[in-house]
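Trainee: My structure is below; once you've seen it, I'll send some questions.
Read-outs: derived from the displayed coordinates by stated rules, not from any lab. Nothing here was measured: the structure is a model prediction, and the numbers come from that model. No Cβ is skipped: glycine too gets one built from the backbone with ideal geometry, and neighbour counts run over all protein chains shown.
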């Protein structure tokens, strides 16, 4: 069972816990991280979701996920990166790019506070060191290649901010 801390719209903890999979109460939010990893060639690490993922199977995305109870946004970003793509990133190599409150998107209740991180990383990616099987494969892609995935509906649509906020 995965537990999340719940926050109000001002990012203040409510003191309530939430069990993943249950409907989020109105006016309560949990923290979600998106982690963009950029190498010195200007390429970004993009991962393809496994075929058995309940949402967006086989679509391409950045690393991401929900921050667990007791974790900071940064701790969640570091953990998710290790779990999904097997990389140990350092907090010294990352910066938060932006945060935004998300409610309902395309009819789906997100109720999250999205923190988008950008990390620099030039090491190897060894997917066999990931601790989950959420990712089928990874690639290093440049802006044009990511735009092609987006234009062909192969990139998760909630990542549309990439072109205005990440690779500018």
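Trainee: Any chance you could run the full-extension gain for residue 145 through residue 23? It's 0.36 nm times the residue separation minus the Cα-Cα distance, nm to one decimal.
Mentor: Once the chain is fully extended between residue 145 and residue 23, it gains 40.3 nm.
Trainee: Still on this structure, I have one more. Can you tell me how the range 6-75 classifies by the Cα gyration tensor, rounded, prolate or oblate, using a/c under 1.5 as the rounded cut?
Mentor: oblate
Trainee: Residue 95 label point, 7 Å along Cα→Cβ, cut-off 16 Å on backbone N: hits in the range 36-78?
Mentor: Flagged as within label range: 36-40, 42.
Trainee: Further, regarding this structure: P(r) for the range 52-105, please, calculated from all Cα pair distances in 10 Å bins and given in %.
Mentor: Percent of Cα pairs in each bin: 19, 48, 31, 3.
Trainee: Right, another one. Percentage of Cα-Cα pair distances in the range 69-168 greater than 22 Å, rounded to whole percent?
Mentor: 40 percent
Trainee: Using 0.36 nm per residue, how much length does the chain from residue 58 to residue 39 gain when fully extended, once their Cα-Cα distance is taken away?
Mentor: Contour length minus Cα-Cα distance gives 4.5 nm.
Trainee: Taking only C-alpha pairs under 8 Å that are 6+ residues apart, what is the relative contact order of the chain in percent?
Mentor: That works out to 26 percent.
Trainee: Same structure again: Quick check: from the Cα gyration tensor, does the range 38-81 come out rounded (a/c under 1.5), prolate or oblate?
Mentor: Oblate, because a/c is 1.5 or more while a/b does not exceed b/c.
Trainee: How big is the range 3-166 by Rg and Dmax over its Cα atoms, in Å?
Mentor: Values for the range 3-166 (Cα only, Rg and Dmax): 15.4, 44 Å.
Trainee: Let's test the formula: R0 of 22 Å, r as the Cβ-Cβ distance of residue 16 and residue 102. What FRET efficiency results, to the nearest 0.05?
Mentor: It comes to 0.70.
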